[in-house]
1. Hey, what did the chain get for relative contact order, percent, Cα under 8 Å, at least 6 apart?
2. Compute the long axis of helix 176-192 from its Cα atoms, compare it with the longest principal axis of the Cα atoms of the chain, and write down the angle in degrees, 0 to 90, nearest 10.
3. Considering only DSSP states other than H, G, I, E and B, which trypsin sites (Lys or Arg not before Pro) in the range 120-177 qualify as loop sites with at most 14 other Cβ atoms within 10 Å?
4. Leaving out ligands and nucleic acids, note down the accessible area per residue over the chain with a 1.4 angstrom probe, in whole Å².
5. Within the accessible area of the chain, what % is carbon and sulfur when the probe is 1.4 Å and the other protein chains stay in place?
6. Sort 36-45, 67-76, 112-121 by packing, meaning the average of other beta carbons within 10 Å per residue, with the highest value first.
7. Mean separation of Cα pairs under 8 Å and 6+ residues apart, divided by the residue count of the range 23-97: what relative contact order is that in percent?
8. Compute the helix-to-body angle for 126-145: its Cα long axis versus the longest principal axis of the chain, expressed 0 to 90° and rounded to tens.
Amino acid sequence: MRYIGSVSPPSNDERSTRLSVRDTARRTAALVNALTAEPSPDPGAIAGILLDHGEPGPVELTAGDVAGMRTAALRLREVFAAAQVDEAAGVLNRLLREGTGPLRLSSHDGRSPWHPHLDSDDEAPWGEWFLASSSMALTVLIWDGQRPPGGLCSSPSCGDVFLTVGGGPERRYCSRRCATRERVAAHRRAKAGPRSP
């Protein structure tokens, strides 16, 4: 069973936060980064990310499960790489057409609040579930914000994906750490001045 929530039905206050689109999108970004950082991610580390983002335990993943999730992550990374909303929407339309099933509601036999699913069933493979739930969350973010739901870090030494939820200026970096590192490097280059041939 794959859902964000507790085994017992949450209270009305918890219902709105347990299955939020932003939480799902945050989980998506974290998993895309972890699953694409290396060719064979550790199943235990990926299970840990799922647990950190509210998946009820125990989460037991095989190397095959993680390989399927990695394939989905590589496809989802294209959404984050899109510079314009039309491009991001085009990628998501393709992912929805090729990688998801019909929209349905599930409560996991009463163990969670009703919520939408685009995977084939409640016991769909991890890769299918990850692609479907992530595509749905990123679709809602585009619908809500009318802009790409995220981006790729501009730091040459990073390349992680990040979300662009909320207002403010356009983001270029995944974190303050990357932004600061790049500002310091630019300052040092400027201070050193031009190099002679």
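The values are calculated or read from the model by the stated rules, or taken from the named source; none is laboratory data. Since we're looking at a predicted model, the values are computed, not measured. All Cβ positions, even for glycine, are placed from backbone atoms using ideal geometry, and neighbour counts span all protein chains on display. To get the accessible areas, we keep the full protein, side chains included, count just its heavy atoms, and leave off ligands, DNA and RNA. Shrake-Rupley method; radii C 1.70, N 1.55, O 1.52, S 1.80 Å.
1. Working: 275 pairs, mean separation 44.0, N = 197.
Contact order relative to length: 22 percent.
2. That works out to roughly 10 degrees.
3. Values: sites: R171, R172, R176, R177; in loops: R171, R172.
Listed in order of number, the matching sites are R172.
4. Working: 10900 Å² over 197 residues.
Using a 1.4 Å probe on heavy atoms only, each residue of the chain averages 55 Å².
5. Working: 5810 of 10900 Å².
Looking at the chain in its full context, I get 53 percent from C and S.
6. Working: 36-45: 13.2, 67-76: 21.2, 112-121: 17.6.
Result, highest mean first: 67-76, 112-121, 36-45.
7. On the way: 53 pairs, mean separation 21.0, N = 75.
Once normalised by length, the contact order is 28 percent.
8. Taking Cα atoms only, the helix is inclined about 70 degrees.
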